[in-house]
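Asker: I have a structure I would like to understand better, so I am pasting it below and will then ask my questions one at a time.
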Amino acid sequence: MSVNLEAILLDILGQLAPGKSASPEEIARAADPEAWRRLLPRVRGVAVGLAREGRLVILRHNKPADPNKFRGVYRLRLRTPEDKEATP
């Protein structure tokens, strides 16, 4: 089964209220409700790529995390104007 995780991820995040986040599990379940666990590493990879491009923010403890160094439980949300202002 070939799914476009980037499109699914951006679609789900785009439907959320500004500043709200989604878990990687939500993204994986939307892509494949039965075999979602196998998709979690791919969701992480897509999220890291989009975060490096500046299209989304990876959150740890509800704070932006470095996409190159974060570990553990995380959430995803689209960038907000405040995020863009804080970027050097």
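No lab work stands behind these numbers, since they all come straight from the coordinates. This is a predicted model, so every value here is computed, not measured. Heads up, the Cβs are rebuilt from the backbone with ideal geometry, glycines too, and the neighbour counts pull from every protein chain shown.
Asker: Run the numbers on the chain and let me know its relative contact order in percent, using alpha-carbon pairs under 8 Å that are six or more apart.
Answerer: On the way: 98 pairs, mean separation 26.5, N = 88.
Averaging sequence separation for qualifying contacts and normalising by length gives 30 percent for the chain.
Asker: Now for a separate question. Report, in deg cm²/dmol and to the nearest 500, the calculated mean residue ellipticity at 222 nm for the chain, where each DSSP H run with n ≥ 4 adds -39500 (n - 2.57) and the sum is divided by the residue count.
Answerer: -14500 deg cm²/dmol
Asker: Considering only Ala47, Ala17, Thr80, whose Cα is most displaced toward the positive end of the charge dipole of the chain, charges sitting on Cβ of Lys, Arg (+1) and Asp, Glu (-1)?
Answerer: Ala47
Asker: Name the long-range amide H neighbours of Ile58: under 5 Å, sequence gap of 5 or more, or other chain; modelled H, no Pro or chain starts.
Answerer: Close amide H contacts, sequence-distant or interchain: Ala65.
Asker: A further question follows. Along each of the three principal axes of the Cα atoms of segment 30-88, give the extent in whole Å, ordering the values from largest to smallest.
Answerer: The Cα atoms of segment 30-88 stretch 40, 19, 17 Å along the principal axes, largest first.
Asker: Using the crude model of +1 on Lys and Arg Cβ and -1 on Asp and Glu Cβ, and no other charge, please compute the dipole size for segment 5-86 relative to its Cα centre, in debye to 20.
Answerer: Approximately 320 debye in magnitude.
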